[in-house]
1. Can you confirm whether segment 109-119 contains a residue that is of a type in the set (A, V, I, L, M), outside any loop (DSSP other than H, G, I, E, B) and in the same structural domain as GLU172 (by TED's automatic domain parsing)?
2. How many residues are free of Cβ contacts under 8 Å to residues at least 40 places away in the same chain and among the hydrophobic types (A, V, I, L, M, F, W, C) if we restrict to segment 68-90?
3. Name the single residue that is surrounded by the fewest Cβ atoms within 10 Å (Cβ to Cβ) among those in segment 46-67 being of a type outside the set (Lys, Arg) and without any contact (Cβ under 8 Å) to a residue 12 or more places away in the chain.
4. Tell me whether segment 41-51 contains one or more residues that are among the acidic types (Asp, Glu), assigned to a strand (DSSP E or B) and farther than 20 Å from THR115 by Cα.
5. Output yes when any residue across segment 53-62 is aliphatic (A, V, I, L, M) and in a strand (DSSP E or B), and no when none is.
6. Return the residues of segment 18-39 that are under 21 Å from SER94 (Cα atoms) and either surrounded by 13 or more Cβ atoms within 10 Å (Cβ to Cβ) or of a type in the set (Phe, Trp, Tyr) (or both); say none if nothing qualifies.
Amino acid sequence: MTAVIALHRALYHPGSLILYLTPALRQSQELFGKVLGFYRDLERPIPAQAERRLSLELENGSRIVTLPGTEKTIRGFSGAALLIVDEAARVDDSLYFAVRPMLAVSGGALIMLSTPAGKRGVFFEEWTNGAGWERYEVTVEECPRIGEKFIEEERKSLPARIFRQEYECSFEDVEDQVFAYELVEQAITEEVSPLFEPHGERGGAGDQVEDVASLFGGASR
């Protein structure tokens, strides 16, 4: 779907820069192959000035560039009309922070798509709390190309947490997480004052902090 969106933007909006970002080079090559496949199926409606391994430049000035998704690889691009981040839950958060300024002048669009990868990272935060997004969720039951027999085999073969994550768009706690995400959220409230005052404040609770610190091997003053 995103390959079609990228190609449509390049064909119908001359001079557009479309950046397609993925976690790894192999994924970039795979996704760009789909873009080229659709372009060739359409019999190249706009001739190409350059057709490279990971980029396509058209005579109308549009460019589609696919890159492995790290902050270093995308530095130097600006004025993007469309940014697509594939498997966004698995790219570094620094990439997301680096690409957003590219839309400041162009007013372009940002698309992030992914299966979940734990209750952490920019993709999780934007999905749950981000403003200004259109959100679309498609579970395995809503995909007619996947048969019920295969789904049941996967349900039996995979741990329940993995099945929910991979097939039901569920953000699950990661394996090495000590406390569940919901427990941490429930432990935070504005109705209870902190037991200890911030470091550097004097008197009252500050004296208590110094005394307690000494009990745990810290230096008291």
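1. Our first condition is that a residue be of a type in the set (A, V, I, L, M); within segment 109-119, this holds for 109-113, 117.
Adding the requirement that they be outside any loop (DSSP other than H, G, I, E, B) leaves 109-113.
Filter once more, so that each one left must be in the same structural domain as GLU172 (by TED's automatic domain parsing): none.
No.
2. Counting residues in segment 68-90 that are free of Cβ contacts under 8 Å to residues at least 40 places away in the same chain and among the hydrophobic types (A, V, I, L, M, F, W, C) gives 2.
3. From segment 46-67, those of a type outside the set (Lys, Arg) are 46-51, 54-62, 64-67; that's our starting set.
If we keep only those that are without any contact (Cβ under 8 Å) to a residue 12 or more places away in the chain too, we end up with 48-50, 57.
Values: ALA48: 13, GLN49: 13, ALA50: 9, GLU57: 16.
Residue satisfying both the conditions and the ranking: ALA50.
4. Going residue by residue through segment 41-51, those that are among the acidic types (Asp, Glu) are 41, 43, 51.
Within this subset, residues satisfying the condition of being assigned to a strand (DSSP E or B) are 51.
Then drop every residue that is not farther than 20 Å from THR115 by Cα, which leaves 51.
Checking segment 41-51: at least one residue is among the acidic types (Asp, Glu), assigned to a strand (DSSP E or B) and farther than 20 Å from THR115 by Cα.
5. At the first step, the residues of segment 53-62 found to be aliphatic (A, V, I, L, M) are 54, 56, 58.
Within this subset, residues satisfying the condition of being in a strand (DSSP E or B) are 56, 58.
Yes, the conditions are met somewhere in segment 53-62.
6. If we filter segment 18-39 for residues that are under 21 Å from SER94 (Cα atoms), which is where we start, we get 18-28.
Result: ILE18, LEU19, TYR20, LEU21, THR22, PRO23, ALA24, LEU25, GLN27, SER28.
The rows are residues; the columns are (1) crowded, with 20+ Cβ neighbours inside 10 Å; (2) on the phi > 0 side of the Ramachandran plot.
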{"site": "THR73", "(1), (2)": "no, no"}
{"site": "SER78", "(1), (2)": "no, no"}
{"site": "ASP86", "(1), (2)": "yes, no"}
{"site": "ALA89", "(1), (2)": "yes, no"}
{"site": "ASP93", "(1), (2)": "no, no"}
{"site": "PHE97", "(1), (2)": "no, no"}
{"site": "ARG100", "(1), (2)": "no, no"}
{"site": "GLY107", "(1), (2)": "no, yes"}
{"site": "ILE111", "(1), (2)": "no, no"}
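Residues are listed down the side, and each one gets a yes or a no for (1) polar (S, T, N, Q); (2) within 20 Å of the chain's Cα centre (by Cα); (3) modelled with pLDDT of 95 or more:
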| residue | (1), (2), (3) |
| --- | --- |
| LYS119 | no, yes, no |
| ASN129 | yes, yes, no |
| GLY132 | no, yes, no |
| PRO144 | no, no, no |
| GLU152 | no, no, yes |
| ILE162 | no, yes, no |
| GLN165 | yes, yes, no |
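The values are calculated or read from the model by the stated rules, or taken from the named source; none is laboratory data. This one's a predicted model, so the numbers in the text were calculated from it and none came from an experiment. So basically every Cβ, Gly included, is an ideal-geometry build from the backbone, and we count neighbours across all protein chains shown.
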